[in-house]
Each structure stands twice: as structure tokens, then as C-alpha cells.
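Just so it is clear, none of the values below were taken in a lab; they were calculated from the coordinates. Note that the coordinates shown come from a computational prediction; the quantities given were computed from them, not determined experimentally. Note: ideal-geometry Cβ built from the backbone for every residue, glycine included; neighbour counts use all protein chains shown.
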């Protein structure tokens, strides 16, 4: 993987937790189920340290779950978790900003935002000048999303 990420180590760990023994088959068993942020740096399955932005992936066949860094989940599953974390950073800094399309879809699929909120996000995502009611709705949605991402570690 390069850049301090050991693909062979990640591959071996994932294969151990999978039913399949072939890498291409094994990686199809895994899905991104949750994202979280660590209070204290953790180590990814690939051996990379430090990671703060954690992605919990779960194996649909074996029901095993494991945390990996967002770079590995992007390279491993092809899922752009980095875009979800970027959206979180943006709305934490300014609740008036919109969460991105990837974050909107992720949180809708997990039931954090409902169908109406999902449609609202889709229709107002690119708008800069919202009415007072629209802005209030955006802030409520953003607060729900921020609250849904748990913090792990020392509390």
C-alpha cells in the first residue's frame, strides 16, 4: 500500500477473519457499518499508526467486525469514508454548511436521517442562500449527524 500502510498485513488479517480464502472473494464479504473518532490514536490492521478516523467493517458471512483506518477502508472496499469525515469536519466548524452527498447517503442508509431529511439535503446541498426555516432544518440535521458519530477512548 505504501506510505506506512502494509497491504499484505491488512490482507492477512482480513483473510483470517473471513470465510473465503481468496482475497477477491473475501473482500466482498465485508461492509462499512460505522464510523467513529478515537480520542487516543489507535493502530490499523495494516500496522499504520496513528489513526483517529476509524471505520468499523463487518463480515456478512462470519459476523466478525473490525476497525480499520479510513485510508484502508477506501483502498480495501473502495468506499470514500474520507469524504464523510471531511463533511463532519466542515459542519462541526460551521453548522450552516451542508454535509456532502456521500455523508448524506451513509447516514440515511443507517437511519440517522429520515427520508424527508435525506431529500432536503439532496435538494439544498449546493444552495448557499437558504431561508431561515431551511437553515434551521439544516442545522438540526447537522446536529443529528454529529451526534451519531461516536467518540471512542478516554472520556
Return one number: the angle in degrees, 0 to 90 and rounded to the nearest 10, between the long axis of the Cα atoms of helix 7-17 and the longest principal axis of the Cα atoms of the chain. 90 degrees
Gyration tensor over alpha-carbon atoms, the range 82-152, equivalent ellipsoid semi-axes in Å: 18, 13, 11
Please give, to one decimal in nm, the separation of the simple spin-label points placed at residue 151 and residue 122, each 7 Å out from Cα toward the Cβ. 3.4 nm
Hey, what number do you get for the chain at 222 nm if only DSSP H runs of n ≥ 4 count, each worth -39500 (n - 2.57), divided across all residues, to the nearest 500? -14000 deg cm²/dmol
Take residue 15 and residue 97, extend 7 Å from each Cα along the Cα→Cβ direction, and tell me the distance between the two endpoints in nm. 4.1 nm
If N is the residue count of the range 7-79, its Cα Rg over 2.2 N^0.38 Å rounds to 1.02
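Between residue 129 and residue 49, what length comes free when the chain is fully extended (0.36 nm per residue of separation minus the Cα-Cα distance, one decimal in nm)?
Values: separation 80, 0.36 × 80 = 28.80 nm, distance 4.13 nm.
Here the segment from residue 129 to residue 49 would lengthen by 24.7 nm.
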When 7, 106 are ordered from fewest to most other Cβ atoms inside 10 Å of their Cβ, what list results? 7, 106
Once residue 8 and residue 82 are pulled to full extension, the length gained, defined as 0.36 nm per residue separation minus their Cα-Cα distance, is 24.4 nm
Here are several values of percent of Cα pairs over 28 Å apart: [x] 10; [y] 21; [z] 28. Which one was derived from the coordinates shown? [z]
